[in-house]
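The values are calculated or read from the model by the stated rules, or taken from the named source; none is laboratory data. All values derive from a computational prediction rather than experimental measurement. Positions of Cβ are generated from backbone atoms using ideal geometry, with glycine treated the same way; all protein chains shown enter the neighbour counts. Ligands, DNA and RNA are stripped out before the accessible areas are found, and what is left, the full protein with its side chains, is counted by its heavy atoms. Shrake-Rupley method; radii C 1.70, N 1.55, O 1.52, S 1.80 Å.
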Amino acid sequence: MKNFLDGIINRNKYICENGKVADYIPGLSSANKNHLGICIIDSDGTLLKSGDSEIKFTIQSISKPLTLMLALLDRGEKYVFSKVGMEPTGDAFNSIRKLETGRMRKPFNPMINAGAIEICSMIKGGSGEEKFNRVLDFFKLISENPNLEVNDEIYQGEKETGNRNRSMAYFLKGEGLISGDVEEVLDIYFKQCSIEVTAIDLAKIGLFLAKGGVLSSGERVISEHIATIVKTLMVTCGMYDGSGEFAIKVGIPSKSGVGGGILSVVPGQMGIGVFGPSLDQKGNSIAGISVLEEIAENFKFSIFN
């Protein structure tokens, strides 16, 4: 299997040249577009990795399903989905258009920026610092990595360039969907996107979801129902406005981020983490998707098979 993974990385590395790294957030543009790595951890705990699987990068939008889990624990399903929908948009992840023109008058789902900002407003805590520390501690728990931390350079860049996210947040505040201080909510969002991970960390989170919310120790952190909600939204909305095509070609719950990561789940079997910062036009890792397509085809991992 290790030789197979090495072969996949080598066969798909050239595809990195067909994309480009994100440059709209200061700090992301310094990524090496030729990096490509993968880690797979199966239900027995066997870890296999290849390529650039140990390079740190910021989690970005892959943070969204993780914070959703915490919000569901804090507030419950009924409350969470009274303020954010469950439907794909067909628009870019940072689109603001349907906030005002959509029939729901709330973010369509938690995997777009507006929905993720709304989710951040639901995290319990006495202060913004306490709320974010609860987010970070939850990320550490389910990745089983106590050393996760925020990349301050990326965080500052998120704050400096996050005007579209600010416009969404203040719109949500005006609609009565966000209570409390908008800048505090945004700070949580910018910080969670700036947490550094590796493909190995993503694979561990993927395995956590594959096992229905259970850590390698056997400890249950979230219910199977919450895990199912999150995995379902990853299938329908997790790969931005490329989610439908990805579901057909790969067919496993996945969430991408503009830092180049992809978190994937093979339910009941394994977690997969991929890193490749060269992105396609939709903001997904261009070579990472190709790697997952090849794996899914070879092992018939699609949940629709």
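Being more than 16 Å from the chain's Cα centre (by Cα) and either more than 18 Å from THR58 (Cβ to Cβ) or open to solvent by 10 Å² or more (accessible area, probe 1.4 Å) (or both) is the requirement here; does VAL250 meet it? Quick ask: steps written out before the conclusion?
Values: more than 16 Å from the chain's Cα centre (by Cα): yes; either more than 18 Å from THR58 (Cβ to Cβ) or open to solvent by 10 Å² or more (accessible area, probe 1.4 Å) (or both): yes.
For VAL250, the condition - more than 16 Å from the chain's Cα centre (by Cα) and either more than 18 Å from THR58 (Cβ to Cβ) or open to solvent by 10 Å² or more (accessible area, probe 1.4 Å) (or both) - is met.
Would you confirm whether or not the range 22-31 contains a residue that is among the polar types (S, T, N, Q) and modelled with pLDDT of 95 or more?
Among the residues of the range 22-31, not one is among the polar types (S, T, N, Q) and modelled with pLDDT of 95 or more, which makes the answer no.
Return the residues of the range 183-203 that are over 16 Å from ASP52 (Cα atoms), in contact (Cβ under 8 Å) with a residue 40 or more places away in the chain and of a type outside the set (Asp, Glu); say none if nothing qualifies.
In the first step, residues of the range 183-203 are kept if they are over 16 Å from ASP52 (Cα atoms); the result is 183-195.
Remaining after also requiring in contact (Cβ under 8 Å) with a residue 40 or more places away in the chain: 184-189, 191-195.
Of everything in the range 183-203, those that are over 16 Å from ASP52 (Cα atoms), in contact (Cβ under 8 Å) with a residue 40 or more places away in the chain and of a type outside the set (Asp, Glu) turn out to be VAL185, LEU186, ILE188, TYR189, LYS191, GLN192, CYS193, SER194, ILE195.
Among the residues of the range 188-220, which ones are buried (at least 17 other Cβ atoms within 10 Å of the Cβ) and farther than 30 Å from LEU28 by Cβ?
LYS211, GLY212, GLY213, VAL214
Output yes when any residue across the range 16-23 is without any contact (Cβ under 8 Å) to a residue 40 or more places away in the chain, under 19 Å from the mean Cα position of the chain (by Cα) and part of a loop (DSSP other than H, G, I, E, B), and no when none is.
Restricting attention to the range 16-23, the residues satisfying the condition of being without any contact (Cβ under 8 Å) to a residue 40 or more places away in the chain are 23.
Among the residues that remain, those that are also under 19 Å from the mean Cα position of the chain (by Cα) are: 23.
Pick out the ones that are also part of a loop (DSSP other than H, G, I, E, B) and you get 23.
Yes, because at least one residue in the range 16-23 is without any contact (Cβ under 8 Å) to a residue 40 or more places away in the chain, under 19 Å from the mean Cα position of the chain (by Cα) and part of a loop (DSSP other than H, G, I, E, B).
Out of (1) open to solvent by 10 Å² or more (accessible area, probe 1.4 Å); (2) in contact with a helix residue (DSSP H, G or I) (Cβ under 6 Å, 6 or more places away or on another chain); (3) touching a residue at least 40 places away in the same chain (Cβ under 8 Å), what's the single condition that is false for GLU153?
Going through the list (1) open to solvent by 10 Å² or more (accessible area, probe 1.4 Å); (2) in contact with a helix residue (DSSP H, G or I) (Cβ under 6 Å, 6 or more places away or on another chain); (3) touching a residue at least 40 places away in the same chain (Cβ under 8 Å), GLU153 breaks only (2).
Is there a residue in the range 180-194 that is under 19 Å from TYR79 (Cβ atoms) and at pLDDT below 95?
Among the residues of the range 180-194, at least one is under 19 Å from TYR79 (Cβ atoms) and at pLDDT below 95, which makes the answer yes.
Name the pairs whose Cβ atoms lie under 8 Å apart, with the first residue in the range 30-47 and charged (D, E, K, R), the second surrounded by 19 or more Cβ atoms within 10 Å (Cβ to Cβ) and assigned to a strand (DSSP E or B), and 6 or more positions between them or separate chains?
Note: pairs meeting the criteria are ASP42/MET270.
Looking only at the range 131-184, count every residue that is assigned to a loop (DSSP other than H, G, I, E, B) and within 17 Å of the chain's Cα centre (by Cα) and tell me the total. Break it down stepwise before answering.
Just the residues of the range 131-184 that are assigned to a loop (DSSP other than H, G, I, E, B), to begin with: 144-149, 151, 162, 175-181.
Keeping just the survivors that are within 17 Å of the chain's Cα centre (by Cα) gives 144-145, 148-149, 151.
Of the residues in that region, 5 qualify.
Six or more apart or on different chains, Cβ atoms under 7 Å: show the pairs whose first residue is in the range 207-220 and modelled with pLDDT of 95 or more and whose second is in a loop (DSSP other than H, G, I, E, B) and of a type in the set (Asp, Glu).
Note: pairs meeting the criteria are LEU215/GLU144; SER216/GLU144.
Could you please find all residues in the range 283-305 being in a loop (DSSP other than H, G, I, E, B) and over 15 Å from ILE248 (Cβ atoms)?
Kept after step one, since they are in a loop (DSSP other than H, G, I, E, B), are these residues of the range 283-305: 283-284, 300-305.
The one that is in a loop (DSSP other than H, G, I, E, B) and over 15 Å from ILE248 (Cβ atoms): GLY283.
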